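Each reported figure results from applying straightforward, stated rules to the coordinates on display, with no laboratory input. Just so you know, these numbers come straight off a predicted model, no measurement behind them. Here Cβ is always computed from backbone atoms with ideal geometry, including for glycine, and neighbour counts include all displayed protein chains.
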Amino acid sequence: MPLPDLEAHPLEELKPPTDFSPDGLRLWISEACQLLKITPTELARAADIAPSTINKFMLSAGSNKSLSGRTMDAITKAALQIHINRIGRRQVEAMATRNPAGAAVSIVRVGASLKKGAFAESHRWQSEELFHVSVLTPNKIQRPLLGFLIEDDQAGAALPYGTILVGAKVDPESDVAEAGDWFVVSQKDEADGTEITVRKLAISPNGDMWLISEEVGPDAYLGKIRADGSAALSQNKSKFALEYRVLIAIRPMTSDFEGVNFHI
């Protein structure tokens, strides 16, 4: 794949410990604190146990002396509760909720930035820079979703700086597009760096499909529409690789983007 490091990853999940040896429990506490961005002392206080209990245990690597089952149970429950609170209990419950309108709230990982001329070997951010957004998505979307943060005004007023795009991975075999759809696309340079930008699909009166840029106009030819008038997303005629089809745009609160439509 052109962007193997941009596959959507599930929301990081904190699971209870499975290795109950002393060193196994130390490793779990260390990883839990790292995920939650807290110290063992803060975890101990959340579990209503003495901080010295957990700190002495963490500093005694290699020792066979372990925490009591009751103490470890309190620590585990406290860590899981912090994790649930961080995500948002209502968001977690909403992920499994379906409504009659055929949509559901999803928590989407924002995992890359879009910026003109930014060719890089990898566009995955460091874990401490990742964040998640809650969005309403159609139930029929089953493919991986990924969020992108626009860090310039590459699409003009339609997608200004600070816009967050949520896209579904493109499936050329089954996707049917229409004029006006937006796509996250990638292209490589001579040094094998990858640039990620956005393009809009346009269809000419004679049935030619193009990806267009607000600044330079049509710059990638996708071929002809099908005999039935549908747009097949063939990628073999384009210098760009179609990565994600934009489902939702979360835009800054300005009046510049009134009237912009996104097709789902």
Straight-line reach check, Lys116, cutoff 23 Å on alpha carbons, 8 or more apart in-chain or any other chain, hits among lysines -> Lys169, Lys188, Lys200, Lys237, Lys239
Hey, which lysines would be in cross-link range of Lys37, C-alpha to C-alpha under 17 Å, not counting anything within fewer than 8 residues on its own chain? Lys15, Lys77
Simple spin-label estimate for Ser21 and Asp152 in nanometres, 7 Å along Cα-Cβ: 5.2 nm
Work out how much length Asn85 to Ser122 would gain on full extension: take 0.36 nm times their residue separation and subtract the Cα-Cα distance, in nm to one decimal. 10.2 nm
Under the 0.36 nm per residue contour assumption, what length would be gained going from the current alpha-carbon distance of Ile250 and Leu136 to full extension? 39.9 nm
Calculate the spin-label point distance for Ser68 paired with Lys37, positioning each point 7 Å from the Cα along the beta-carbon direction, and give it in nanometres. 3.4 nm
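Quick one: net charge around Thr71, please, counting Lys, Arg +1 and Asp, Glu -1 for every other residue with C-beta under 14 Å from its C-beta. Intermediate values should be presented prior to the final figure.
Working: positive: Arg26, Arg45, Lys56, Lys65, Arg70, Lys77; negative: Asp48, Asp73.
Around Thr71, the charge tally is +4.
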When Lys and Arg each count +1 and Asp and Glu each count -1, what net charge do the other residues less than 9 Å away from Lys115, Cβ to Cβ, add up to? -2
Could you tell me the extents of the stretch 22-87's C-alpha atoms along the three principal axes, largest first, rounded to whole Å? 35, 20, 17
